[in-house]
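The values are calculated or read from the model by the stated rules, or taken from the named source; none is laboratory data. Computed from a predicted structure; not experimentally measured. Neighbour counts are summed over all protein chains in view; Cβ atoms, including those assigned to glycine, are modelled from backbone coordinates with ideal geometry.
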Amino acid sequence: MIKIISQKLYLRVALSIALVAIVVSIVSSMLSYYSDLKEKKNTNYLLVQQLAHTVEKAATIAAYLNDQELSQEIINGLLSNDIVQGASIEGKSNTKGEMELFIANGTTNKQKEAVLVKLVHPFLDDTFIGVLSIYPDDKFIQQQAQAALKKEFILMLIQSIVIAFFVSLVVQRWLTKPIQNLTDSFAKINPSKPETLKMLSFKQGKRDEISRLTQNINALMHELHLTISNEQTLRKKTQELEAKFRLIFEQASAGICLLDDKNTITTFNPAFKHYFTLPGEEKLSTLHFPELLNNVEKLQSLLLDIRSDINPPQTTLDVECKIGYKTVWFHCLFVRLTDQRQNNRSPQQEQLVEVILHDVTERAEREFQTQFEADHDPLTDLFNRRAGEKRLKKALRECAKHGQHLVLMMIDLDKFKPINDTYGHEAGDKVLIEIANRFKKRFNDNTDICIRLGGDEFIIAQQINTYDKTATQNQAIALIDELQQQVSISNTRTCAVGASIGIAIAPTDGTELHELMHNGDKTLYHVKETGRGKVAFYDDIKIR
Amino acid sequence: MIIARNLCFNLILSMFLLVVSMYAESTEFVVVVNKNNPINALSKREVIDIYMGRYSTFPDGEISKPLDLPAKSAFKNDFYLKLVNKDEQQINAYWARLLFSGRGKPPTPSASLEDALKTIASSQYAIGYIPLSHVTDTVKVVYTFD
């Protein structure tokens, strides 16, 4: 109810006090009413008793004489008192049982509260001649008490209201108004704007609670102001720093990502994303790093290694991977991140690995090209002598290791020089390219090695598990047959070359390369001397 | 001299009064009625009721006419003292109070003791009190003080 009436504190206090005062006045008035009523009743009873004693003598005589008039007079006299409600005089019944005198007036039926005076014979002390009954007027007493109650209640009410008024005044003056001022000045403060954190005004020299509260708030706000200002400066610095770092991270041309202990990518920069998404794709195909680079096992073992404390915290690796249809080379730098902040990072995060990768496809391709150019004959794309010998040495080692055979065919073209001379070098080159293609077509296993030693001299080496001389011979004869086919050197012109082959088999015909080649050469020379276009085996000619 | 005579007179008077009162102390009263009255005896209460105006009849219903001895006589005073333990003045006050209510009718005063005796002797309704020593045949004693 009070809430509805007003939100103002002082009014509410006043109303509460008034309410309590009213209740208290009602209760106390009621209490005093009842005690008063009782007391008044007693007083009245005493008064009535006194009255009774006053008229006792006259009543005695009246009763004695059975005097109606006198009795009536007495009773009327009694009734003229406000406190008397009714009165009666009755004589004692005589010997015949008749009551000789009964005079009554007013209300005389309430026996309980009546004041009864026994009338004694005026001349004989031991004889009763009648009873005088007087009935106190309870209604009158009640009315009086009620009037007193009303008066008292009104007085208390007035008193309560006056007290409530002054209390509200005092509360308003000493409590509500200062609090209101405090609230008002507090409302001007915007916590997000430190410049509004001004000192709240309060009366100097006052030592009451509100002033002390204000002082404390001021002290608090001062501290708060300092803290917030510092905080803001710091935040500004952090923001600037963060922006710089972000710029570095986001604008870096290198792809940067962080891997957790399960090799899952947790963070990556735009360059990283750019590397691994095809145009039009929004998301990385997978967040599992090794899978993303199509090199699962190698990367996993590498990442496992780098996480171990024994190994150096960083390592690099060039990885080839396919993105869409493109083959891309990445130069990856893996760094184990040791947390520089010592505080409370979970051990999981100490296992983080940072990966920085650069797209080195161009460089790698260039390197491959260079390597290819260094290893191959520019005309035929067959291995040149230097690279070829290297390969042959390696093949020999592998054969020795695995108990294999290496078939070494020394090939020399017949009738090539006249083509060069007749049709020019360009035509000769065309023939050489065609011949090389025929080699490649026939010997295209991984273990087959085709070498152009120079001019029209070639070596074809084959790593085979079981050596079958007839098969090898057939193979060589079939090669010669194919080489003898026509080669088109221009739109209208064709020409043909022949070939002689000398075959040496490792390890039978030599375990060292130079020995093997020497023997092969010897065999070839033998073929050339004994008529070209044939195949010869070293073990056939060495007997002679 | 005159003073001495007065003094002497006063002394004699007071002595006389003393004698009278001593005499009165010893007076024994009886209540008497006419010889023809059927009442033979009355109780003290009945005597009081008749003399104090409660009843104007004898217990048998006949009218009673009480007689008083002369006012300010030793007899009257003594009688009432004996009867209701009140002196004559108090009795007078009692009657004076009753007069206002219109009811009061005090006993008829007699001129003298003899007069009273005569009235009793002649009237059947009369009732009176006399010293025991004055009782004659003409009246009937109905009550004697103990």
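Computed values, structure above
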| read-out | value |
| --- | --- |
| Residue in segment B:100-114 that is aromatic (Phe, Trp, Tyr), surrounded by fewer than 19 Cβ atoms within 10 Å (Cβ to Cβ) and at pLDDT 85 or above present | no |
| Residues of segment B:27-48 that turn out to be within 17 Å of B:Asp78 (Cα to Cα) and either of a type in the set (S, T, N, Q) or more than 16 Å from the chain's Cα centre (by Cα) (or both), as a count | 1 |
| Matching residues, segment A:48-86, being out of contact with any strand residue (DSSP E or B) (no Cβ under 8 Å at 6 or more places or on another chain) and not polar (S, T, N, Q) | A:Lys57, A:Ala58, A:Ile61, A:Leu65, A:Asp67, A:Glu69, A:Leu70, A:Glu73, A:Gly77, A:Asp82 |
| Sole residue being modelled with pLDDT of 75 or more, over 29 Å from B:Gly53 (Cβ atoms) and touching a helix residue (DSSP H, G or I) at 6+ places or on another chain (Cβ under 9 Å), chosen from A:Phe123, A:Phe186 | A:Phe186 |
| Qualifying position, being in contact with a strand residue (DSSP E or B) (Cβ under 8 Å, 6 or more places away or on another chain), closer than 26 Å to A:Thr338 by Cβ and among the aliphatic types (A, V, I, L, M), among A:Leu287, A:Leu304 | A:Leu287 |
| Criterion: surrounded by fewer than 16 Cβ atoms within 10 Å (Cβ to Cβ) and of a type outside the set (Lys, Arg) - qualifying residue of B:Asp137, B:Asp78 | B:Asp137 |
| Condition check for A:Gly428: farther than 19 Å from A:Ala478 by Cβ, surrounded by fewer than 18 Cβ atoms within 10 Å (Cβ to Cβ), at pLDDT below 90 and not polar (S, T, N, Q) | no |
| Test: residue in segment A:365-377 that is among the small types (Gly, Ala, Ser), more than 30 Å from A:Cys495 (Cα to Cα) and not in a helix (DSSP H, G or I) | no |
| Test for A:Ala271: is it touching a Ser or Thr at 6+ places or on another chain (Cβ under 8 Å), at pLDDT 85 or above and surrounded by 10 or more Cβ atoms within 10 Å (Cβ to Cβ) | yes |
| From the options A:Glu281, A:Glu291, A:Glu320, residue that is modelled with pLDDT under 85, farther than 19 Å from A:His358 by Cα, of a type outside the set (A, V, I, L, M, F, W, C) and surrounded by fewer than 16 Cβ atoms within 10 Å (Cβ to Cβ) | A:Glu281 |
| Candidate set from segment A:40-86 (those that are more than 10 Å from every other protein chain (Cβ to nearest Cβ) and not in a helix (DSSP H, G or I)); member that is surrounded by the most Cβ atoms within 10 Å (Cβ to Cβ) | A:Val84 |
| Subset tally (residues that are at pLDDT below 85 and not small (Gly, Ala, Ser)) for segment B:63-74 | 1 |
| Exclusive hit being in a loop (DSSP other than H, G, I, E, B) and either over 14 Å from B:Leu83 (Cα atoms) or at pLDDT below 85 (or both), set B:Asn10, B:Asn37 | B:Asn37 |
| Test result for A:Phe166, aromatic (Phe, Trp, Tyr), surrounded by fewer than 17 Cβ atoms within 10 Å (Cβ to Cβ) and away from every other protein chain (no Cβ under 14 Å) | yes |
| Subset of segment A:528-543 that is outside any helix (DSSP H, G or I) and not basic (Lys, Arg) - its residue that is farthest from A:Gln475 (Cα to Cα) | A:Ile543 |
| Single match in A:Val23, A:Val48, A:Val27 (criterion: at pLDDT 85 or above and under 60 Å from the mean Cα position of the chain (by Cα)) | A:Val23 |
| Where A:Arg438 falls short, out of the listed (1) surrounded by 14 or more Cβ atoms within 10 Å (Cβ to Cβ); (2) under 60 Å from the mean Cα position of the chain (by Cα); (3) of a type in the set (Lys, Arg) | (2) |
| Single unsatisfied condition, A:Leu408 versus (1) surrounded by 13 or more Cβ atoms within 10 Å (Cβ to Cβ); (2) at pLDDT below 90 | (2) |
| Flag for A:Gln142 being surrounded by fewer than 14 Cβ atoms within 10 Å (Cβ to Cβ), in a helix (DSSP H, G or I) and more than 14 Å from chain B (Cβ to nearest Cβ) | no |
| Within segment B:49-146, helices (runs of 4 or more DSSP H) holding 1 or more residues that are under 10 Å from the mean Cα position of the chain (by Cα) and within 12 Å of chain A (Cβ to nearest Cβ) | B:74-84 |
| Test: residue in segment A:174-193 that is in contact (Cβ under 8 Å) with a residue 12 or more places away in the chain, within 30 Å of A:Gly91 (Cα to Cα), of a type outside the set (Lys, Arg) and not in a helix (DSSP H, G or I) | no |
| Residue in segment B:84-96 that is buried (at least 16 other Cβ atoms within 10 Å of the Cβ) and under 15 Å from B:Ile127 (Cα atoms) present | no |
| Flag for A:Leu37 being buried (at least 18 other Cβ atoms within 10 Å of the Cβ) and within 11 Å of chain B (Cβ to nearest Cβ) | no |
